[in-house]
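All remarks here apply to the structure that follows.
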Amino acid sequence: MDQAERAIEKLEVANQALADGRPEALALRDEALRRIAGLAVSEAQLCRIEELAAAGLIAIERVRSDRAAILRELQEAEAALHFAAALTGRAGAAVVDVQG
């Protein structure tokens, strides 16, 4: 197996890891693409690389979307905790006047 095939296999593995929701695979994907960029590849290999690159971008967008959803949930939970603390008077000077 030549260097290009090995790099393409690494790209496939990284894409699968991204699809499985493992964002740490971004570094593996980047490394595989850097290796591929310096190699001579056949037309068939180039087609495969293009397919994998497109699939990788879709997986990256899913990871970003998942992270954004988690961040929104955390922010909403934090806001709810602050609001509850204000209503119960546990927030000190930040007590909310709800009759106002």
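Quick note: the coordinates plus some simple rules give every number you see, no bench work behind them. Only a predicted model underlies this, so the values are computations on that prediction, with no experimental measurement involved. Cβ placement follows ideal geometry from the backbone for every residue including glycine, while neighbour counts extend to all protein chains displayed.
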>> Can you compute 3J(HN,Hα) from phi for each residue in segment 3-11, using the Karplus curve 6.51 cos²θ - 1.76 cosθ + 1.60 with θ = phi - 60°, rounded to whole Hz and x for Gly and Pro?
In response: 4, 4, 4, 5, 5, 5, 4, 5, 5
> How big is Rg to Rh over segment 1-95, alpha-carbon atoms, Rh as the Kirkwood inverse-mean-distance radius?
Replying inline: 1.36
> Once every DSSP H run of n ≥ 4 in the chain is given -39500 (n - 2.57) and the sum is divided by its residues, what mean residue ellipticity at 222 nm do you get, rounded to the nearest 500 deg cm²/dmol?
Replying inline: -27000 deg cm²/dmol
>> At R0 = 30 Å, how high is the FRET efficiency between Ala69 and Asp30 if r is their beta carbon distance? Nearest 0.05 is fine.
In response: 0.80
>> Residue by residue through segment 49-57, what is 3J(HN,Hα) from phi via Karplus (6.51 cos²θ - 1.76 cosθ + 1.60, θ = phi - 60°)? Round to whole Hz and write x for glycine and proline.
In response: 4, 4, 4, 5, 4, 5, 5, x, 5
> Length gain on complete extension for the stretch Gln3 to Ala53, per 0.36 nm per residue less the alpha carbon to alpha carbon distance?
Replying inline: 16.2 nm
